[in-house]
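Student: Before we start, here is the structure in question, set down as structure tokens.
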Amino acid sequence: MNRIFVIIIRGLLLFDKYNNSLYDNKGDCYMRKTIAFLLALITLFLTSCQNSNNTADNCKDDPNVIKRYEKTELGTAEETDGANVTDRIVNYSKIGMLGENRIFRLQEKQDGKFMCLTDSEGNVIKEEKCPHNYCSFDTDNEGRIYIYSETINEERECTEMKVYVYDPDFSLVDEIDLGYGTLTNGAFNLKNLDIDPNRRIILSEPYSEIKVFDFNGKLINTIEYHVIDLDVEEGGRLLTLGLRDQIRHVISFIDPTNGIMKWEHELDGSGYSAVVYNRSDKSIYVADGKGIFRYSPDDGTKEYIFDNIISSGISGFTADDFCFDPEGSLFVANGTKLFRFAAVEDTGTEAGTEVCELTLGKFYGLNRFFESAAKEFELTHPDVRITLIDYQTEYAGNLEKFITTLNTELMSGKGPDMLFSGDLPYNRFGEKGLFADLSGYIRNDPDFSDESYYMNVIGSFRHNDGLYAMPLTFRFNAFIASGVNLRAEGISIDDTQWDWTDFYDICKRVTKDENGDGIYEKYAMPRVSEDYLLSQMCGGDYSTFVDIKGKKARFDSREFIDILELWRAFYRDRLVHPSKQDIEMQDSDRDMFTFTPIYLYPHNFLIVQLDKFSEDSVLMRSPGEYGQGRVSAGAAISINSSCKSGDVCWKFVKFLVNYERFGQGKDMSETTGFFINKAISDARLDNLGFGSISGDRFVLDRKYRDFIENYISDTRSSVYPGNEINNIVSSEVSAFFDGIASADAVAKRIQNRAELYLNE
């Protein structure tokens, strides 16, 4: 639509210019030309409309130039081993311009702190050891350097705050005493320094306050404000990036003398880190998780000038601070590194190259991670653009509403080209011909083999000879048991043979009223929800009782009724603790419980769970699996069968399957499972990180590692996210659990509703 609007505006301007030239011609000529022009304009409009609504053909000429840069690394701050962070806080990610073609920074080296001045190519102009403890600095237009230093007094009761002023030759020209500061638990409160054109010192403490001093060190004003970053515009107003109500990100102009806010605008999204007022073009620039954008106060629009990954070519790149030189080069601090980015006129594709524009839809998951993956793919495929669509936000978290709408869109040949589908009814969509069968892609791809991937796990997601979702990660259900309690009762378990009746009998043996007071001291399990336990007793979902293709259900079978009876008995016979949840278990509870059901996948949750029964924890398969593993998708991806660029989509699917960052970083550790890619999965298990209990390096014991590897190798089936069927069962079984209706009656109600749903 934006393209249409631009065409119309350009057309109207052209028509106005053209119309003026026609007044010198004869009337018939004027009319003919006018009609011809209008017909041409209408043709352009209709052509644009057609292109904008064509969802079948993804490939077209790219009218937009993706801004790319020539990158130069200017240096790295070297951290000193064993530095006393209590006495010294170093801000590596601050940079400042000292006039044209000169960049100043403070740098930590092995032998101390250094003031460093380089040119725009990274050549050192001057470097000198800094004699101060410091936590921030700033520069001004005259080339002066201001270093804020904070030193703890001898009594360690407070700090002495000073600003040291240097000329461009690093000669000390002034010293400004700002008085005393406070300590928190014996440590500094980090502060940032800014100098305004009216010779005022701005000292900001993140998420706390802004203090304004004159150059004599006199406190002028204190502004309570949740500031993240700030800059000063040429008039002396404070341009702030902060938080409103500790939630909403805003940018604002504040008068430093009285704290009055002159202007404020709320930013959407999150991940904001820095704000800069560019005095050359008098524009506001903000850094967020995606990159750096120019903000327009007039209409609230964001225009990205820098994309973190595409522009830098560095995985996981972020802008901690940045500035511009008069020639337009961009200098960015990234952690301990400093980069110069000079814009180049390169679109990433040759002129006239068709660019394939694809959309990727998701409901659950991390936007920044998936966006990063798409951008990294684009780096090696410059003729592809992938746009992420966040449906969770659009549908306010209502998954069922989204599934209904998505079904309608897919039926009409619309919808995103790809979907993260681990929580979607991918098999139903596949049977309808709405999701592409990925079997052919795998069959024709020589890279897919048992040596590189868990092909048996991929095969477990096949349905009626079709693979409608590629699992990227997976997890499975298991039990952790107390070896001490099992041995005390003389219980030996073959978890490849037992069923839920066997499990019930064992739970009866380990549940004890040891002193005969009518109160149990030992339980089989901590509190687990009724819905969860019933689902596990049915294999993790209810697909064994549903024939999707035949549109039949068998919830009225004797098998399901027996499961209902046994399920209620676990709670009726007090084998499950009435209130204490699994997450509430402490060290003192280890002897109270024998079993704990878990989702098993490699992150700190696994470590914590294994710690519940100390080193004597025993991992075992869920009852009823009979040695055949059953997994569920963590992350999975499907391709829209209406997409005409299926081969390109498959390249992206394959990229994700081999995407090593999928198993890295704290933000992903709790959302992913085991990986389809064997090498990535092994590396993740080798480096589980630090245990949350002791803080020591956690190494997965060989017996647990063997259990995991054997389970994965034995996997034969997968849990299907049949959300609506699950909801039907969950809404009906409570009547039986509460004793209001019989198991037979409830089973019949579930049967009727399930078949009605299957035949809709």
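What follows draws every value from the coordinates through simple rules; no lab data is involved. Quantities reported herein were computed from a predicted structural model and do not represent experimental measurements. Glycine also receives a Cβ, built like all others from the backbone with ideal geometry; neighbour counts cover every protein chain displayed.
Student: Once each part is reduced to its C-alpha centroid, what is the distance from the stretch 137-179 to the stretch 606-641 in angstrom?
Tutor: About 57 Å separates the Cα centre of the stretch 137-179 from the one of the stretch 606-641.
Student: Going by average Cβ neighbours within 10 Å, how do the peptides 434-447, 230-243 rank, with the highest at the top?
Tutor: Working: 434-447: 16.3, 230-243: 19.4.
Ranked from most to least packed, the peptides come out as 230-243, 434-447.
Student: If you don't mind, there's one more thing I want to ask. Mind scanning Lys129/Lys290; Lys522/Lys678; Lys401/Lys654 and naming the pairs with a C-alpha gap bigger than 32 Å? Write down the numbers at each step before the final one.
Tutor: Working: Lys129/Lys290 36 Å; Lys522/Lys678 41 Å; Lys401/Lys654 30 Å.
Pairs exceeding 32 Å: Lys129/Lys290; Lys522/Lys678.
Student: Output the pairs from Lys375/Lys651; Lys262/Lys282; Lys211/Lys302 with a Cα-Cα distance over 19 Å in this structure; if there are none, say none.
Tutor: Working: Lys375/Lys651 14 Å; Lys262/Lys282 17 Å; Lys211/Lys302 30 Å.
Table pairs above 19 Å Cα-Cα are Lys211/Lys302.
Student: Moving on. According to the square roots a ≥ b ≥ c of the eigenvalues of the Cα gyration tensor, what is the shape class of the stretch 512-599, taking rounded for a/c under 1.5, prolate for a/b larger than b/c otherwise, and oblate for the remainder?
Tutor: Numbers: a/c = 4.31, a/b = 2.15, b/c = 2.00.
Note, shape of the stretch 512-599 comes out prolate.
Student: Another one. Rounding to the nearest 20 debye, state how big the charge dipole of the stretch 70-342 is about its Cα centre with +1 on each Lys and Arg Cβ and -1 on each Asp and Glu Cβ. Present the calculation step by step, with values, prior to reporting the outcome.
Tutor: Values: 28 positive and 51 negative charges, 43 e Å.
The dipole of the stretch 70-342 has a size of about 200 debye.
Student: Right, here's the next one. Can you give me the Rg/Rh ratio for the stretch 70-342, using Cα atoms for both radii and the Kirkwood formula for Rh? Before the final figure, lay out the partial values.
Tutor: Working: Rg = 17.9 Å, Rh = 19.1 Å.
For the stretch 70-342, the value is 0.94.
Student: If we sort 322-333, 634-645, 500-511, 516-527 on the protection proxy, mean other Cβ atoms within 10 Å, highest first, what's the order? Intermediate values should be presented prior to the final figure.
Tutor: Values: 322-333: 18.8, 634-645: 22.9, 500-511: 17.2, 516-527: 15.2.
So the order, starting with the most tightly packed, is 634-645, 322-333, 500-511, 516-527.
Student: Enumerate the lysines that Lys703 could reach by cross-link, defined here as Cα to Cα under 18 Å, with residues fewer than 8 away along the same chain left out.
Tutor: Cα-Cα hits under 18 Å: Lys612.
Student: How many angstrom lie between the C-alpha centres of the stretch 186-233 and the stretch 538-582?
Tutor: Between the Cα centres of the stretch 186-233 and the stretch 538-582 lies a distance of 62 Å.
Student: Ok, one more. Sort 701-707, 476-482 by the packing proxy (mean of other Cβ within 10 Å over each peptide's residues), most packed first. Before the final figure, lay out each step's value.
Tutor: Numbers: 701-707: 13.3, 476-482: 23.0.
Highest-to-lowest ranking by the protection proxy: 476-482, 701-707.
Student: Looking at the square roots a ≥ b ≥ c of the eigenvalues of the Cα gyration tensor of the stretch 125-239, which shape do they give, rounded for a/c under 1.5, prolate if a/b is larger than b/c, or oblate?
Tutor: Values: a/c = 1.75, a/b = 1.10, b/c = 1.59.
Oblate, because a/c is 1.5 or more while a/b does not exceed b/c.
Student: Once you order the gyration tensor axes a ≥ b ≥ c over the Cα atoms, which shape class does the stretch 360-463 get: rounded for a/c under 1.5, otherwise prolate or oblate by comparing a/b with b/c? Numbers along the way, then the final one.
Tutor: On the way: a/c = 1.77, a/b = 1.20, b/c = 1.47.
Oblate, because a/c is 1.5 or more while a/b does not exceed b/c.
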